[in-house]
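First up is the structure itself, then whatever we jot down about it.
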Amino acid sequence: MTMMLTTMRPIILFACILAVAFAKADGSLGLQSDERPNEGESASVTLPLTLPHQPDSIIDESTFMHESAPITLGASSYPLKYTSGGHVFDLSPLTSSPPGTHKNGPGSQSQDEYYINVGAVAGSDSACSDATVCYKYGFQSAWNPIAKLSATPAPTFALVNSADVKAGFTLTFTNGDYASGSTKPTTVLTFICQDASAPTYDVKSADGKTWKISITAKAACPHASGGGLSGGWVFVIFVLVATTVYVMGGCLYKHYRVGTQGMESCPNIDFWRKLPGLVKDGCRYFIGKCRQLVGGKSQESSEYSEFK
């Protein structure tokens, strides 16, 4: 037995050396297996698991721009409510989702294109990202924000006729940009009151410096400022309060001062008991009069005769 162990000792030692060698080889190839690398392994083991670094010039930013959300208003819009002479003009119903309303130019300028959106972004081009009116000349590809939403100065408000608030009003913009010149363009939006189902937009004139656009809409009509109660509601409230004070005050007075009980405490109870009969007599009298007038003075209704 001792002789056999002595003979196999080199074989066992060789087998142990092979096992250790295979174990080391398997550890160096850990990335090719499904097992997770141990924490003690070299950092080079994790390199194939990360994306290789690419220079910034290789990244195509246009890919991200095409996948981004549609252009939305990031800054505050110009005011949409204006007050003049005790009247309020609220333009918020004219605000729509971008790109707004598309129009062509007038007459010989019909090749020109406009996007108009009161209080919101007009147009889908990146140049229109802060425009309430965006304009493109003829067959050119460039768009121009001739009236801006949030740029200064804010538009100026003015009545068309100070003596008549229903004649309309204007918003004048001088905060836009136009590529053909360094001076700021002037864009005048004229709002005309009309009880129409849908607003209408009409480009009146454009000369490269001043644009005039007419907007006819119900939102351009004035309404009383303050939002107070009308005269009719004031009268109704007064009658209800006066009736409540009359009934409750009269009942309390008669109960504690006169000593009445139940219905006898109601103020003027005798009058209220007679009121149904008085109303009936009044109706009969009125009907008799009407029949007398229709049938002639010689004919008198039986109801009227009975009433007499």
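Laboratory data are not the source of any read-out in this text; all were calculated from the coordinates shown. As the structure is a prediction and not an experimental result, all values here were calculated from the model. Every residue, glycine as well, gets a Cβ built from its backbone with ideal geometry; the counts of neighbours run over all protein chains shown.
Under 15 Å from the Cβ of S265, count the other residues' Cβ atoms, weight Lys and Arg +1, Asp and Glu -1, and hand me the total.
Net local charge, S265 excluded: +1.
What are the principal axis extents of the Cα atoms in region 197-258, in Å, biggest first?
Over region 197-258, Cα extents along the principal axes are 88, 24, 10 Å.
How large is ³J(HN,Hα), in whole Hz, for each residue of region 246-260 in order, when computed from phi with the Karplus curve 6.51 cos²θ - 1.76 cosθ + 1.60 and θ = phi - 60°, using x for Gly and Pro?
The phi angles translate into 4, 5, 5, x, x, 5, 5, 4, 5, 5, 8, 8, 9, x, 6 Hz.
List the residues whose amide H sits under 5 Å from the amide H of V118, counting only those 5 or more places along or on another chain, with H placed 1.01 Å from N in the peptide plane.
S96
Under the classification rounded if a/c is under 1.5, otherwise prolate if a/b is larger than b/c and oblate if not, where does region 82-123 fall, given a ≥ b ≥ c as square roots of the Cα gyration tensor eigenvalues?
Here region 82-123 falls in the oblate category.
Along the Cα→Cβ direction, 7 angstrom out, place labels at A127 and K218. What is the inter-label distance in nm?
So the two model labels end up 3.7 nm from each other.
Which pairs, out of K148/K209; K81/K136; K81/K209; K81/K218; K166/K209, put more than 25 Å between their alpha-carbon atoms?
Over 25 Å apart, Cα to Cα: K81/K136; K81/K209; K166/K209.
Between S205 and S141, take the C-beta separation as r, use R0 = 22 Å, and let me know the FRET efficiency to the nearest 0.05.
Rounded to the nearest 0.05, the efficiency is 0.40.
At a Förster distance of 45 Å, what's the computed FRET efficiency of L240 paired with A158, Cβ-Cβ distance as r, to 0.05?
Calculated value: 0.55.
Using the Karplus curve 6.51 cos²θ - 1.76 cosθ + 1.60 with θ = phi - 60°, what ³J(HN,Hα) values do you get for each residue of region 117-128, in whole Hz, with x for Gly and Pro?
Values, residue by residue: 8, 6, x, 8, 5, 10, x, 9, 6, 4, 5, 9 Hz.
Which whole number of Å³ per residue matches the convex hull of the alpha-carbon atoms in region 151-208?
It comes to 112 Å³ per residue, whole-number rounded.
Report the extension gain between I269 and T186 in nm, rounded to one decimal, defined as 0.36 nm multiplied by the number of residues separating them, less their alpha carbon distance.
In short, 22.4 nm is gained.
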